[in-house]
Amino acid sequence: MDNLDTINQNLSKDDTENAQIADEVVEDEITTDEVVEDEITAEEGEAEVVTEDSDKSKEASWYVVHTYSTREKIVKQNLESMIENNALHDQILEISIPSSEDIVERDGKRKVVERKKLPGYVFIKAILSDKILYIIKNTKGITGFVGPSGKALPLSDDEVKRLGLEKISVDALKVKPGDNVKIVSGPLESFLGVVDSVSAEKEKIKVIVHMFGRETPVDLEFHQVELIH
């Protein structure tokens, strides 16, 4: 079972509904006392945590931590404060909360709302060491890592791609109009289609998919398709 399977099993219907309601407010209100600005020394981290493979990871990998639903942005800010106060920019490289924009209609008006794809989870790209493990695990709002028995397990390249955590350039995508592609994530996962157009500016690809007895154009993000050779 991979990390995404574990996450999907843990996501309950109630958590998802509550998170989506909260996410309709684009600007979250965060009080100053919720953001932790502690400074942690290397000695503290090394004294509390011992890992077996501390020097095996020479390159940064993506990890997943669990938090309470609707608290993801506060956790992100807490981590950013830790990074700033401890000069860890070269060890904790990115923090991501995968989300998508939906258009909803209320009182006759359309509004763009942001919805988290995986409520209750924050994704961190880091070079994991005893110190970094300690800092992340002890950040206010984080309840633990996603992995076997709570052990930090890096996401696979396939999981990173499916989540869209790394930006993909047009050159890296290597698709052009007329190419056959497979949709690898989203509601139309496993559907086959033909590329109609590619927009480098919007980082979108339009694919013609055959469904409901007709050809239907679908707008997708770069990471949602792969070329069929």
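The values are calculated or read from the model by the stated rules, or taken from the named source; none is laboratory data. Please read these numbers as outputs of a predicted model, since none were measured by experiment. Glycine gets a Cβ as well: all are built from the backbone with ideal geometry, and neighbour counts include every protein chain shown.
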Exercise for review: Kindly establish whether residue 208 is part of a strand (DSSP E or B) and either within 25 Å of residue 66 (Cβ to Cβ) or modelled with pLDDT of 90 or more (or both).
Suggested key: yes
Study note, to complete from the structure: Among 88, 128, the single one that is modelled with pLDDT of 90 or more, crowded, with 21+ Cβ neighbours inside 10 Å and either in the same structural domain as residue 186 (by TED's automatic domain parsing) or not in a helix (DSSP H, G or I) (or both) is 128
Practice item. Filter region 148-180 down to the residues that are assigned to a loop (DSSP other than H, G, I, E, B) and of a type in the set (A, V, I, L, M), then identify the one that is modelled with the lowest pLDDT. Key: 168
Practice item. Being in a strand (DSSP E or B) and either within 24 Å of the chain's Cα centre (by Cα) or within 18 Å of residue 171 (Cβ to Cβ) (or both) is the filter here, so list the residues in region 211-229 that pass it. Key: 218, 219, 220, 221, 225, 226, 227
Point to revise | Subset of region 209-228 (residues that are farther than 19 Å from residue 165 by Cα and surrounded by 15 or more Cβ atoms within 10 Å (Cβ to Cβ)) | key: 209, 218
